[in-house]
Amino acid sequence: MSRYLLLTALILALNGCVTTPELSEQITDESHDRWAQRQQKLSSVHNWEIRGRVALFAGDDVYNLGLSWILEENHSTLKLEAALGQGMIQLEKNKTAVTLTTTKGETYFGENAEQVLLQSTGWSIPVEGLESWIKGINHNNSEYFPDIDSAGRARSLRQDDWKINYLKYEKTTADGQNNLELPQKIYMKRQNLALKIVIDQWQAQQNTSASEIFPTFKD
């Protein structure tokens, strides 16, 4: 009898140690359909005026930069600017050419934005890829591997040897379309180069002050 009671107590003790695993988010066929719909809808967004911040990690160096990016269907102007007038680069791109200018008056020309940035700064930032990744979707020029959530949004993307993590989305307006759910915080990395991007405004307001462009990077 005592042996039976001991066995029963042991079984109850073992059962008490078992924890029920948390249910993971269910990714269904509907989730994949929503992802396909997001890709189609956001691929048609070709115009925006972004204001935000970038923390750029290059090896052991960290650069906190203000971001201004005006994109039109056939023209792009991307500015990265350090606070307190410590330096700026402006990258202009149209259908056939890329021009980069600096506050020192240096000018660089080329046909590929990433190559021109690499030549002038040593940073291999994939501007062409970013035009899609910043919207939370892949571009169509190479293989990609998405990790989506149940709502059909990318949690992360792997493409062109970059891992892009989407940390936060928000509903906003871009290209005249309201209630677009677009990334607000992004972290992306390849080898020894990484960028953390915080988008404060997809549609930039007029007369933005310097303190709004270059707040302390705490996020």
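Couplings 3J(HN,Hα) of segment 57-72, computed from phi: 10, 10, x, 8, 9, 10, 10, 9, 10, x, 10, 9, 9, 9, 10, 10 Hz, in residue order, whole Hz [Karplus 6.51 cos²θ - 1.76 cosθ + 1.60, θ = phi - 60°; x for Gly and Pro].
Ignoring lysines fewer than eight residues from Lys95 along the same chain, none have Cα atoms less than 17 angstrom from its Cα. Relative contact order, percent, of segment 127-197 when contacts are C-alpha pairs under 8 Å separated by at least 6 residues? Answer for segment 127-197 is 22 percent. The slack in the chain from Met88 to Lys168, taken as 0.36 nm per residue of separation less the alpha-carbon distance, amounts to 26.1 nm. Specify whether the C-alpha gyration tensor of segment 30-88 places it in the rounded, prolate or oblate class, a ≥ b ≥ c being the square roots of the eigenvalues: rounded for a/c under 1.5, otherwise prolate if a/b is larger than b/c and oblate if not. Cα axes put segment 30-88 in the oblate bin.
Counting Lys and Arg as +1 and Asp and Glu as -1 over every other residue whose Cβ lies under 13 Å from the Cβ of Val62, the net charge comes to 0.
Counting Lys and Arg as +1 and Asp and Glu as -1 over every other residue whose Cβ lies under 13 Å from the Cβ of Arg158, the net charge comes to 0. Would you mind counting up the charge near Ser31? Only other residues with Cβ under 15 Å from its Cβ, with Lys and Arg at +1 and Asp and Glu at -1. Around Ser31, the surrounding residues sum to -3.
Only the coordinates and a few stated rules stand behind these numbers; no lab work does. For clarity, every value in this text was computed on a predicted model and none was experimentally measured. Because the Cβ atoms are built from the backbone with ideal geometry, glycine has one as well, and the counts that use them run over all protein chains shown.
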